[in-house]
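Engineer: Here it is, the structure, as C-alpha cells.
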Amino acid sequence: MVVKHHRVTAVSLAAALSPVAGIAAWLAGPLPATGGEVPFNEHVLSDTADGPRSVFAADLDGDGDLDILTASEFDNKIAWYQSNGGLPVTFTDEIVISTAAIGAWSVFAMDVDGDGDTDVLSASDGDNKIAWYENDGALFPTFTERVISTDALGAHSVFAADLDGDGDTDVLSGSLSDTKVAWYENDGQSPPTFTEHVLSTDTTAFGSRSVLATDLDGDGDIDVLSTSFAGEIAWYENDGGSPPTFTERVISTTASGGSGLCATDLDGDGNIDVLSAAAAIAWYESDGGSPPTFTKRVIVSDVGFVLSVFAADVDNDGDIDVLSATFGHNNLVWYESSGGSPPTWQERVISTDSNLGFSVFAVDLDGDADPEILHVGDTLGGSKLMWYENVMQHADLDADGDVDLHDFALLQLAFTGPK
C-alpha cells in the first residue's frame, strides 16, 4: 500500500481568520489537491468471501449512510456490510442476503418496487439468473429473493434504470454465453413482474460482459451501453417510445476482452463520454452530436487485463479521474486527470497487493466530501474485500460543519509558499 501524506504546517488562529484565508475558503468551485498527493488508509472489509467479483455501495437500511454490497462467485453469495455512520466509519461483519446465486458475478442496488427502500439485484452465471431481493424496510432489513429470469445464459452483469420513462425501475442484463443484452420491463405492481425485451444477440459481439444505462445523447431518455468479450462496445439509442425501441450504434470493435464499463463526462464539456476496460484502459470522447460519435483515446495500454473501471473525482480538484481493477497486475491504481481538453493522465498507486482485481467502485463512505475506494478480488494473500479510506486533509474555516478547503495544504501554501 502506498500512503503519502501532505506536509501541513500549523497556522495560527489569526492567520486562519485573515482576509487571505477567507478569500481562499470562498473561491468558487472546488480547490485542487497538490500534485496528486492523495493518501489512503487500507481497511480489510472481509477475507472470508470466496471469489468476490463485484462491489457496490448503497443505503440499504435507510439510515442515511452508505452500506457495502458484494457478490462472490464460489460461495454463491450476495452479502452486505452495514455502516455505523460514524467518523471514522466502520462496518459490521458480513450479513448474508442469499447463498442461492450460483456463480454470483454482479450486484447492484435500487428501489425496484417503488416502496421507498433500496432493494438489491444480482446476476449469477452458474444458474443463468437475474434476481432482485426485496427489502422489507425494517431498521435491520431482511431480503426476499424474487427471480426475474433464469434465461440469461452466463449472466454477467446487472443494472437498473427507468428505461421506458413510466416512473418505475426496469432491469438490464448482459450475459456471456448467449451474447444477450436484455431489459426487463417493470409492470409497476407490488411486487412487480417483468417482461423481457432483447436488445441484442449479435454474434459478432460475442460474450456480453457489462451493461449500464444513461442518457448518452442528451435527449432526455435513457440509453443502454454494453461491452463484449469479442471487443465490441455498443450503445442502444432509446427512441423515447412507450415501450421504447432501441437502435444499436457501435462505438468500437477493437476493445478485445472487453469487460468493465463506465459513462461520465471525462473532459468537462457537458457530454457523456464512455470509459472501457479491456486489454487497455480507454475512453471514447463524445462530440455531443445527435446522435453523438466517439473518438477513442487511450489512457494506458500495458497494464494486463482490466476487468473493471470507475470514474470519480479522487483528488477533489473538480475534474474526473479514473480507477481500474486489473487481472494479473499487482497494483490498484487511479489515473489523475490533468483537467485539459482532452485531459492527460498520471498513474497514482493506491496499493501494491492487488494481484487479481475484479471490481472497483468509488463513493464517499464517511461523509467527509471525498471518495473512498472499494475493491474486490484475489490478492497475494487470498480473496479480499478492501476499502481504502481517502484521508485528504480538510478545513472548516468558519466552523459551520462544512468543508471549506478540501486540502489543508493549500492553506499552508497561502501563507508560507511551497516547501
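Engineer: Hey, if you put +1 on the Cβ of every Lys and Arg and -1 on every Asp and Glu Cβ in the range 48-127, which of G116, A71, Q82 ends up farthest toward the positive end of that dipole?
Structural biologist: A71
Engineer: Could you pull out every residue, at least 5 positions away or on a different chain, whose amide H is within less than 5 Å of the one on V112? Hs are placed 1.01 Å off N in the peptide plane, and Pro or chain starts have none.
Structural biologist: Close amide H contacts, sequence-distant or interchain: D119.
Engineer: State to the nearest 20 debye the size of the charge dipole of the range 220-312 about its Cα centre, where the only charges are +1 on K and R beta carbons and -1 on D and E beta carbons. Could the numbers behind the result be given before it?
Structural biologist: Values: 3 positive and 13 negative charges, 67 e Å.
The calculation lands at about 320 debye.
Engineer: Stretched out fully, how many nm does the piece from V300 to D239 gain, at 0.36 nm a residue minus the Cα gap?
Structural biologist: Values: separation 61, 0.36 × 61 = 21.96 nm, distance 3.47 nm.
Value of the extension gain: 18.5 nm.
Engineer: Give the accessible surface of the range 116-210 per residue, rounded to a whole number of Å², with probe radius 1.4 Å and ligands, DNA and RNA excluded.
Structural biologist: Values: 3550 Å² over 95 residues.
Here the residues of the range 116-210 average 37 Å² of exposed surface.
Engineer: Using Cα pairs under 8 angstrom and six or more residues apart, how large is the relative contact order of the range 283-342, in percent? If you can, show how the numbers build up before the last one.
Structural biologist: Details: 85 pairs, mean separation 14.0, N = 60.
Once normalised by length, the contact order is 23 percent.
Engineer: 7 Å from Cα along Cα→Cβ at both T247 and D75: what's the point-to-point distance in nm?
Structural biologist: 4.9 nm
The values are calculated or read from the model by the stated rules, or taken from the named source; none is laboratory data. Nothing here was measured: the structure is a model prediction, and the numbers come from that model. Backbone-built Cβ (ideal geometry, glycine too); neighbour counts: all protein chains shown. All accessible areas refer to the heavy atoms of the entire protein, side chains included, with ligands and DNA or RNA removed. Shrake-Rupley method; radii C 1.70, N 1.55, O 1.52, S 1.80 Å.
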